[in-house]
Amino acid sequence: MFLFLQESISRFLLVTIISLFGFHQVASITMGVGFTITTDRKTKSTDLHTLPENIELTLRCFITDIMDNQEQNAFNDSTDSLTLYRQSATRAIPVMIATHTGISSDAPSNAKFFSCSGDMVSKYPCFTVVISSATRLDTGDYQCQARVYDRSNLHYTEVTKSKAVDFLYPPGGNLTCEPSYGSPVDWKDDSIIQLNCSSDSGNPNVTLEVNITDKNQDVLLHIGGCVILQILTF
């Protein structure tokens, strides 16, 4: 009898210690998360670093399955979430664009929220955000994040899928042109001067070489479909 009581007390103490110090099993939940980005133009889906401006971006964020010990698990609106973020180079904290319940107040004004339809409808959350007339201001790393509470092990399981989006745009602001062999320039008749020209903006960065045959020549620089007039005097 004494040995039985001693064994029972030991088991009770072990369970109490595990509960107090949070020792529990490894998370048993696994999730499938999908994230696609498409445009209204013929652009390769994997080539999101070379998008022209003023296109329409469609971002679809969804959960394909939630498995708990090889059995399907339900999504609970009160504890679980599916969220779309945008991480930009100018902000340390990602901006929330939308959740499975709707658009965020921090989303850009040109973003609209839609529930999935057709073959994307399932028991798990799925939504689409359409950004119309997307520009360089919409550049960033977009993240579709699913967060589900593991009720067996009392903590969250999180899965994130990311895609980077970048835009091409012509340079603006200052255009600097300098002789390739230094200055000042000693102009002589029939001289040809080679200039190295660069811009402090534009994506990608632009560098040109221009040959000048007339010291009063106006040079038309064609960069990214934009014509920049630079009058050169020596």
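Points worth noting:
- Extending 7 Å from Cα along the Cβ direction at Thr176 and again at Met67 yields two label points whose distance is 5.7 nm.
- Amide H partners (placed H, <5 Å) of Glu53, local residues excluded: Leu168
- Order of Leu57, Leu137, Leu84, Leu168 under a 10 Å beta carbon neighbour criterion, fewest first: Leu137, Leu168, Leu57, Leu84
- Residues Lys123, Lys163, ranked from the fewest to the most other C-beta atoms within 10 Å, line up as Lys123, Lys163.
- Rounded to 0.05, the FRET efficiency of the Asn196 and Glu158 pair, given R0 = 45 Å and the Cβ-Cβ distance, is 0.35.
- Where labels lie 7 Å past Cα in the beta-carbon direction, separation of Asp141 and Lys123 in nm: 3.4 nm
- Footprinting exposure proxy ranking of Ser78, Ser104, fewest other C-beta atoms within 10 angstrom first, gives Ser78, Ser104.
Values quoted throughout were computed directly from the atomic coordinates according to the rules given, and no laboratory measurement underlies them. The structure displayed is predicted, hence computed values, not measured ones. With ideal geometry, Cβ positions are generated from the backbone for all residues, glycine too; neighbour counts draw on all protein chains shown.
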